[in-house]
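Everything on this sheet refers to the single structure shown next.
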Amino acid sequence: MYLVNATPTAAKVLVKVPGLRTRVAEVLHGILATAEEIRRLPGRTLDLRGRLLVQVGDYTISYVLDLDHRTAKVLFVELTRPTPNPPARPQT
């Protein structure tokens with residue numbers, strides 16, 4: 001099984017947005033599984049050094065993978081699409 005964890009800063013954002021932590025974990029589990037399959041292919045190398053990015057909903061997730069330990073660590077979560085402005089209040 002795969003393990004997904006987060007830095008304290010990223011974890012705070014993940015718990016503030018309903019369902020985001022679950023969606024991010026699902027995406028990263030899929031990425032880990034795919035990376036493991038690619039690594040098994042003969043003659044293929046996969047360079048996973050450094051930060052990787054993935055878009056999940058309105059958020060960009062910065063993460064690192066460790067295939068040897070089957071883990072992903074979320075480093076940073078950033079809102080990438082601005083939230084719409086609330087409707088203007090009618091003037092009375």
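Values in this text are rule-based calculations from the coordinates and carry no lab data. Keep in mind that what you see is a predicted model, and the values were worked out from it rather than measured. Here the Cβ is made from the backbone with ideal geometry for all residues, glycine too, and neighbour counts use every protein chain on show.
What you get for the chain, charging only the Cβ of Lys and Arg (+1) and of Asp and Glu (-1), is a dipole of about 220 debye around the Cα centre. Between the listed residues A11, T45, A33, the Cα displaced farthest toward the positive end of the dipole of the chain, a dipole computed from Cβ unit charges relative to the Cα centre, is found at A11.
Based on the inverse mean of 1/r over its pairs of different Cα atoms, what is the Kirkwood hydrodynamic radius of the chain, in Å? Intermediate values should be presented prior to the final figure.
On the way: mean 1/r = 0.0679 Å⁻¹.
Kirkwood radius, the chain: 14.7 Å.
Among T45, T71, T9, the ranking by other beta carbons within 10 Å of each residue's beta carbon, starting with the fewest, stands as T45, T9, T71.
Normalised by the residues of the chain, what does the relative contact order come to in percent, with Cα pairs under 8 Å and at least six apart?
Once normalised by length, the contact order is 33 percent.
Couplings 3J(HN,Hα) of segment 21-33, computed from phi: 4, 5, 5, 5, 4, 4, 5, 5, 4, x, 5, 4, 4 Hz, in residue order, whole Hz [Karplus 6.51 cos²θ - 1.76 cosθ + 1.60, θ = phi - 60°; x for Gly and Pro].
Looking at the chain, what % of its DSSP beta bridges pair antiparallel, to the nearest 5?
Numbers: 13 of 17 bridges.
The answer is about 75 percent antiparallel.
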